[in-house]
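The values are calculated or read from the model by the stated rules, or taken from the named source; none is laboratory data. These figures come from a predicted structure and were not determined experimentally. Here the Cβ positions follow ideal geometry from the backbone for every residue, glycine too, while neighbour counts run over all protein chains shown.
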Amino acid sequence: MSRRLVLASASPARLRLLRDAGFDPTVIVSGVDEDAVQHHDPFEFVRSLAELKARTVAANEGLADAIVLGCDSMFCLDGDVLGKPGSAEDAVARWKRMRGGTGVLLTGHHLIDLASGRSAEGVADTVVRFAEPTDEEIAAYVATGEPLNVAGAFTLDGRSAVFIDGVDGDSTNVIGLSLPLLRRLLLELGVEVTSLWH
């Protein structure tokens, strides 16, 4: 009998990624106020938010021996830590800044095994290399609304994939969570990844 995986995230990309990898997670959104967490170190920032989301959801009754996964992503560009853009204008300005350059996508992961009470955590980082879309292409992309809902204002599995020249590191991390890191964290908890397959 497979273990129950709970995803403490509203991200459709994370859910799709897990389903495509053979999992069938239950989604419970944490409702955590991300603005309440302040930290100067971006790695610590995403780690702290992932833990807060996982612990908030793990406190729900009725999860029995589930494994709860909390994640949070941020994009680092020229020393600035960027989450979701606040407006279409912000997304356009960000794309004009990103084009032709590189940035780093960070995703904090926090796992809690409710059966054992143990937890494991880690942060995945992936370098993203951007092409040089025209002003018209940027405007058309932002008009789709897609960049307004994701950290960094871009996706690797959506419309902006045509504007990304490549990544150095784990591509699944850019989509929403690192599947290789998830496997390693599960092993730290003594849980075989195949026991969570649907």
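Could you please find all residues in segment 1-42 being more than 21 Å from residue 85 (Cα to Cα) and β-branched (Val, Ile, Thr)? Residues satisfying the conditions are 6, 26, 27, 28. For segment 1-31, taking the residues that are free of Cβ contacts under 8 Å to residues at least 60 places away in the same chain and crowded, with 20+ Cβ neighbours inside 10 Å, the one that is farthest from residue 193 (Cα to Cα) is identified as 30. The residues listed here are 71, 76; of these, the one that is in contact with a Pro (Cβ under 8 Å, 6 or more places away or on another chain), under 28 Å from residue 102 (Cα atoms) and not β-branched (Val, Ile, Thr) is 76. Evaluate segment 52-74: report whether one residue or more is of a type in the set (D, E, K, R) and part of a helix (DSSP H, G or I). Yes, there is a match, as at least one residue in segment 52-74 is of a type in the set (D, E, K, R) and part of a helix (DSSP H, G or I). Residue pairs whose Cβ atoms lie under 8 Å apart, separated by 6 or more positions or on different chains, with the first residue in segment 137-152 and over 20 Å from residue 74 (Cα atoms) and loosely packed, with under 14 Cβ neighbours inside 10 Å and the second modelled with pLDDT of 95 or more and small (Gly, Ala, Ser), are 143/88.
The one condition from (1) closer than 20 Å to residue 42 by Cβ; (2) surrounded by fewer than 16 Cβ atoms within 10 Å (Cβ to Cβ) that residue 131 does not meet is (1).
For segment 76-94, what are the residues that are surrounded by 14 or more Cβ atoms within 10 Å (Cβ to Cβ), over 18 Å from the mean Cα position of the chain (by Cα) and within 14 Å of residue 145 (Cβ to Cβ)?
Residues of segment 76-94 surrounded by 14 or more Cβ atoms within 10 Å (Cβ to Cβ): 76-77, 81-85, 88, 90-94.
From what's left, over 18 Å from the mean Cα position of the chain (by Cα): 88, 90-94.
Once the filter is applied, which keeps residues that are surrounded by 14 or more Cβ atoms within 10 Å (Cβ to Cβ), over 18 Å from the mean Cα position of the chain (by Cα) and within 14 Å of residue 145 (Cβ to Cβ), segment 76-94 yields 88, 90, 91, 92.
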